[in-house]
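These notes concern the structure reproduced below.
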Amino acid sequence: MNLQIRQEGDFQYIDEGEGEVLLLLHGLFGALSNWNGVVDHFSKNYRVVIPLMPIYEMALHKAGVPGLTSFVEDFVKLKKLKDLTVLGNSLGGHVGLAYTLKNADMVQRLVLTGSSGLFEDSMGGSFPKRGNYQYVQERVGYTFYDPKTATKELVDEVFSITNSNAKCLRIIAIAKSAQRHNMAKDITNIKVPTLLIWGLNDTITPPLVGHEFNRLIENSELYFIDKCGHAPMMEHPEKFNSILEKYLVNTPITATAT
């Protein structure tokens, strides 16, 4: 489906469907289009909301997990959202964890897929290499079990980002913040029902990370998708949606009073 990007104040976002709110948070090199399959499937019965995180525009001194968490808090307040199911991929999962810990009364369910927060083999080190299209293509392909999932459009988008000094500075700052912001001691405090959907072939947050989240989060369920890398909702949208849908049905929320 064609996602309509809405604008309100400083916020750009997707808002499709009606019903319980699914708040989707994308990753560092993520985009709204990463969630196409989820929006298409769930907007029939849920209200699917995706804020475009200001990863490449935010003030450098705020570029990190705490700054992005504050951004989500401001967005939720502006849109008067409540009784949230927060769903995050990669860095978005990390921000979702931080948001849930700070705003437990706002979150009814948490869904993590390939989440950072414990360990990730990021595109860091020498990345991003400016001006080297083949290198960027290889690194984007590394995100998936099947490199063909990395479309030319996606590679072009990342290549464009890596050729901007301002954007690179923010990417590096946020990646370093995520690595410093290890949540192993904190996430034992998460009590909301949590669904973990992991790619069995994820090389960035390997299966061991999924198992560790499952161990540390008391009320969590872990599912693996075979022949799948770091972004299950992109690589195997039907399997991802099936697992998520069953979980949402089997884990009903208790709506709070207005």
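The values are calculated or read from the model by the stated rules, or taken from the named source; none is laboratory data. These numbers come from a predicted model, not from an experiment. For neighbour counting, all protein chains shown are included, and Cβ atoms are generated from backbone atoms with ideal geometry for every residue, glycine included. Only protein heavy atoms, including side chains, enter the accessible area calculation; ligands, DNA and RNA are left aside. Shrake-Rupley method; radii C 1.70, N 1.55, O 1.52, S 1.80 Å.
Between Ile172 and Lys62, full extension at 0.36 nm per residue minus the direct alpha carbon distance yields a gain of 38.3 nm.
Using only Cα atoms and rounding to the nearest 10 degrees, what angle (0 to 90) does helix 65-79 make with the longest principal axis of the chain? Helix 65-79 sits at roughly 50 degrees to that axis.
The calculated 222 nm mean residue ellipticity attributable to helices in the chain amounts to -11500 deg cm²/dmol, summing -39500 (n - 2.57) over DSSP H runs of n ≥ 4 and dividing by all residues.
The mean sequence separation of alpha-carbon pairs under 8 Å and at least six residues apart, normalised by the residue count of the chain, gives a relative contact order of 20 percent.
Please compute the length gained on full extension between Leu78 and Glu153, using 0.36 nm multiplied by the number of residues separating them and subtracting their Cα-Cα distance. Intermediate results must be reported in sequence, preceding the final value.
Values: separation 75, 0.36 × 75 = 27.00 nm, distance 3.21 nm.
Full extension of this stretch gives 23.8 nm more.
Could you tell me what % of all Cα pairs in the stretch 5-250 have separations over 32 Å? Tail fraction, whole percent: 13. Accessible area per residue of the stretch 5-250 at 1.4 Å probe, in Å²? That works out to 44 Å² per residue. Take each peptide in 239-246, 43-50, count the other Cβ atoms within 10 Å of every residue, and average; sorted highest first, the result is 43-50, 239-246.
What's the FRET efficiency of Asn165 with Arg6 using the Cβ-Cβ distance as r and R₀ = 25 Å, to the nearest 0.05? E(calc), rounded to 0.05, equals 0.25.
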